Amino acid sequence: MNRKIITTLVAVLVLSTLIGCGKKNDEIDLGDLPVEEDLITSSDGYLPSDVTFETYDPEKIYVPLTTLKEKLVDPSKDVITAIRNGDDEVDLSEYNLTSTDIKELWYVVCYSNPIGLLVGYDPDESSPSNLKLFYPNDKEEIMESIFAFEADMDAALTEIKNGYTMDSEISRECYNYVLNHFEYKDVFEKRAEDKELSSNMQQFFDEYNNGELSYVNATCLYSFMLNQFDIQSVGVLMIGTYVESETDQVLDEEYEGASQILNNAVAIDGTSYICDIAMDMVSKGGLDNSDYEPRFFGMGLETRAESYTVYGGQIITLLSPNYGLNSTNPSKEDMFNND
């Protein structure tokens, strides 16, 4: 039977909201999280889905979809739980879904949690009442990757939650986490027409487990972390032209000639701000540059124009407009004017 992994532009760019930690500044303190030997494993030796975390919520659905795709919220949670169990199928008979619902269900799963990118579903064997999961590689390795990712996220999210309360501060610290724990991986051109989107989906965890993130996957990880705090963000494609700095040779070389770039737009207090994690990762030049201060976080439109001039009206939300931010009011000024 020909098995296929569903790969979509939407699921990639949100997580798109949706990417080894080879080199990090310091080790993450897992605190009181359960260690592997303390866990009760299933008969197949996989980690169980009932592991609890202090902050990370594995079943957290991408916020806009909780109302826009309300019908799919509970079955999506069932699918995420099944993946965390290492199950090969999910009984969805109680939900009265259609074949179209099944396709959208998978989008919701991948929007909401990148662990869905390690798995696919088999459309040839699935039905609206029974979803067949497909593990393209060694299942045990996949389960280990899932648990390691969840432990990392819980530690990071808990540290941020315990240190900050305002959405603006939390959004900045999530940004700093990605910036300070992952090298930039130069895989694709900044021009959207030159990148292979399906490959981006498949490489999320390969990059994550090497401590290197390409620009799409860095954007996805940042958006995922924000969603855990109920902070809405969305991938935004901008069409325009990069403005050479003449003082940042690394950044100028990477972005020379770029006509399309990907940012996150983050909604804070009824206003949206631009966050370009990839541009900061490039400008930082590696994790050894510990003194680097972010330059492209929480930008207003005026600051964005200093490095990237957007052609009139060419800011494209990478979701249906109905899936987007709770605010379409872009700020001209930066989120932190004095930072």
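The values are calculated or read from the model by the stated rules, or taken from the named source; none is laboratory data. Just so you know, these numbers come straight off a predicted model, no measurement behind them. Glycine also receives a Cβ, built like all others from the backbone with ideal geometry; neighbour counts cover every protein chain displayed. The accessibility values were calculated without ligands, DNA or RNA, using every heavy atom of the protein model including side chains. Shrake-Rupley method; radii C 1.70, N 1.55, O 1.52, S 1.80 Å.
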At pLDDT below 90 and surrounded by fewer than 17 Cβ atoms within 10 Å (Cβ to Cβ): which single residue out of 91, 74, 50 fits that description? 50
Is it true that residue 285 is under 25 Å from residue 167 (Cβ atoms), of a type in the set (Gly, Ala, Ser) and open to solvent by 20 Å² or more (accessible area, probe 1.4 Å)? no
Residues in the stretch 169-182: is at least one within 30 Å of residue 336 (Cβ to Cβ), among the basic types (Lys, Arg) and buried (at least 17 other Cβ atoms within 10 Å of the Cβ)? yes
Being open to solvent by less than 40 Å² (accessible area, probe 1.4 Å) and either farther than 11 Å from residue 88 by Cα or part of a strand (DSSP E or B) (or both) is the filter here; which residues of the stretch 116-125 pass it? 116, 117, 118, 120, 121
What is the one condition in (1) at pLDDT 95 or above; (2) touching a Pro at 6+ places or on another chain (Cβ under 7 Å) that residue 120 does not satisfy? (1)
Testing residue 217 on (1) open to solvent by less than 10 Å² (accessible area, probe 1.4 Å); (2) in contact with a Ser or Thr (Cβ under 8 Å, 6 or more places away or on another chain); (3) of a type outside the set (A, V, I, L, M, F, W, C), one condition comes back false. Which one is that? (2)
Members of the stretch 157-168 found to be surrounded by fewer than 20 Cβ atoms within 10 Å (Cβ to Cβ) and either in a helix (DSSP H, G or I) or modelled with pLDDT under 95 (or both), listed by number: 158, 159, 161, 162, 163, 167, 168
Within the stretch 75-115, track down each residue that is in a loop (DSSP other than H, G, I, E, B) and more than 16 Å from residue 136 (Cβ to Cβ). 92, 96, 97, 98, 113
Quick check on the stretch 30-45. Is at least one of its residues closer than 20 Å to residue 229 by Cβ, at pLDDT below 50 and either of a type in the set (Ser, Thr, Tyr) or open to solvent by less than 60 Å² (accessible area, probe 1.4 Å) (or both)? yes
